[in-house]
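In what follows, a single structure is set out as structure tokens and then discussed.
The values are calculated or read from the model by the stated rules, or taken from the named source; none is laboratory data. Here the structure is a predicted model, which is why all the values come from computation and not from measurement. We place every Cβ from the backbone using ideal geometry, glycine too, and count neighbours over all the protein chains shown. For accessibility, only protein heavy atoms count, side chains too; no ligands or nucleic acids. Shrake-Rupley method; radii C 1.70, N 1.55, O 1.52, S 1.80 Å.
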Amino acid sequence: MHVYLKAIGCRLNEAEIESWAAQFLQRGHRIASTPQNADIMVFNSCAVTGEAARKSRQQVRRLHRENRTAKLVMTGCYATLEKTEAATRLGVDLVVDNADKAQLVQRVEQELALPALSIAASEPGEAALFARGRQRAFVKIQDGCRYRCTYCIVTLARGAERSRAVSDIVGEINGLIAQGVREVVLTGVHVGGYGSDTGSDLASLLRAILADTDVPRLRLASVEPWDLPPGFFGLFENPRLMPHMHLPVQSGSDSVLRRMARRCRTADFKTLVSEARSAVTDFNVTTDVIVGFPGESEEEWRETLDFVDALRFGHVHIFAYSPRAGTKAATLPGQVDQRIKKQRSRELHTLAGRHKRSTLAAYAGREPAVLWEGDGEPLEDGTRRFQGYTPNMLRVAAVVPESERLTNRICRTRIEALSEDGSVLIGSPCR
Ligand code: SF4
């Protein structure tokens, strides 16, 4: 059977898709690169915002249009929060709740009468990841979250914290390395909460992975800025652990953070960032900021701008607050006017862009090791442009002769310039 897999939303959704793709391959099925060639389509949905929910519905309709005969499986946060809607109005053949995701492949085989082929029938060795045109592997380490940030629907859709066993994660990573994967990104809902239900913690997991695998590059996806064990940043002395962390601060105003029910105040966050930066040179901290949270006064907004200015992040993901039905924040008084949100987003964009440009400009003449991803883009003059990332997650582009393939190679790369918009480094692989 040919299985097409699609996810929208967070890295965790992507990690789950990659794991199912590998399982389907192992069970003798094939991965379809387009919906048209599929017998089964699996869609991992998102519901983090009203807009994401709309996109999830839209995606289901598109899959139906692109292949009217294939069976459609819907899972993820939208399917979990809107089961009936998914099964009836959206005409999905099988709805798999977030809590049941670990059994998704078996349920598809049983409930959609997919013949379970013998392992022998499977194509040896080709990483499902590469079959889907990707090089960096996302690996799920835990699910769920015990906190209740007032704007967050994920904690409701994903349930309580559940950690995978260290041996499972190490086993999966060794399997990926055997297939040629060079970088693994650990992901979850509350990554810092890893082990809270098994008596372990994130530091112990990282130590085990670095000791029991040869993964060349180990990276963390987004990590809430709390629950990190003492001495955590000491782990980054190991050059295989990439010196970058995405720590969502969400606001630079303590009164806003209180209304968000966040577990981290600005002073704690500053301490965390300075610990990270003193642990390893060039440690890159990136973050998320929600603009226009209910009740956000001009004064609170100034606090956020001053905070971002003081911390000089490598990159800031900017989200204009949008009320999500089912969350406490959606019912809070003082919803901020759309025009004010737009104005504040522009201000923050300008400030963060300036910091990013100066962070990147400091790399001129340096030679970081870049992992090149994708097959490159052919250019009119017969050359090809590739993109990749430095260990501390700075994006780099390089133009090389058509005959040269950089896909999935880690090369020392001489940085020569900055892109016009100041967001990408321009370099050439050292020969
Ligand atoms: S920590 Fe907060 S924002 Fe993050 S998943 Fe949990 S409730 Fe949501």
Q: State all residues of the stretch 233-263 that are of a type in the set (S, T, N, Q) and crowded, with 20+ Cβ neighbours inside 10 Å; if no residue qualifies, say none.
A: Q250, S251, S253
Q: Report yes if some residue within the stretch 372-379 is among the small types (G, A, S) and open to solvent by less than 40 Å² (accessible area, probe 1.4 Å); otherwise report no.
A: yes
**Q.** Among the candidates E109, E123, E66, E85, residue that is touching a Pro at 6+ places or on another chain (Cβ under 9 Å) and at pLDDT below 95
**A.** E109
Q | Selection from the stretch 307-325 of residues that are in a loop (DSSP other than H, G, I, E, B) and either small (G, A, S) or farther than 18 Å from G422 by Cα (or both) | A | G314, Y321, S322, P323, R324, A325
Q | Selection status of S251, closer than 20 Å to A352 by Cα, under 23 Å from the mean Cα position of the chain (by Cα), within 16 Å of the ligand (Cβ to nearest atom) and without any contact (Cβ under 8 Å) to a residue 60 or more places away in the chain | A | yes
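Output the residues belonging to the stretch 326-357 that are among the β-branched types (V, I, T) and in a loop (DSSP other than H, G, I, E, B).
Residues of the stretch 326-357 among the β-branched types (V, I, T): 327, 331, 336, 340, 350.
Passing the criteria: T327, V336.
Residues that are charged (D, E, K, R): find the helices (runs of 4 or more DSSP H) completely inside the stretch 62-115 holding 2 or more of those.
Values: elements: 77-81, 83-87, 104-111.
Per the criteria, 83-87, 104-111.
Mind telling me which of the residues T286, T266 ends up being hydroxyl-bearing (S, T, Y) and in contact (Cβ under 8 Å) with a residue 60 or more places away in the chain?
Details: T266 fails: in contact (Cβ under 8 Å) with a residue 60 or more places away in the chain.
Answer to the check: T286.
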Q: Give the stretch 155-171 a look and list any residue that's within 16 Å of the ligand (Cβ to nearest atom) and surrounded by 21 or more Cβ atoms within 10 Å (Cβ to Cβ), or say none.
A: A157, R158, E161, S163
Q: Report the residue count in the stretch 352-368 for those that are crowded, with 16+ Cβ neighbours inside 10 Å and of a type in the set (A, V, I, L, M).
A: 2
Q | Residues of the stretch 172-211 classified as under 21 Å from S19 (Cα atoms), open to solvent by 10 Å² or more (accessible area, probe 1.4 Å), within 16 Å of the ligand (Cβ to nearest atom) and not β-branched (V, I, T), total | A | 1
Q: Being closer than 24 Å to Y147 by Cβ and among the basic types (K, R) is the filter; apply it to the stretch 254-286 and report the residue that is farthest from the ligand (Cβ to nearest atom).
A: K270
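On the basis of being within 23 Å of R136 (Cα to Cα) and of a type outside the set (F, W, Y), does E404 make the cut? Walk me through it before giving the result.
Details: within 23 Å of R136 (Cα to Cα): yes; of a type outside the set (F, W, Y): yes.
So E404 fits the description; yes.
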Q: Check off (1) farther than 18 Å from E18 by Cβ; (2) within 16 Å of the ligand (Cβ to nearest atom) for R240 and give me the number that stays unchecked.
A: (2)
(Q) Can you find a residue that is crowded, with 22+ Cβ neighbours inside 10 Å, touching a residue at least 12 places away in the same chain (Cβ under 8 Å), away from the ligand (no atom under 12 Å from the Cβ) and charged (D, E, K, R) anywhere in the stretch 138-154? (A) yes
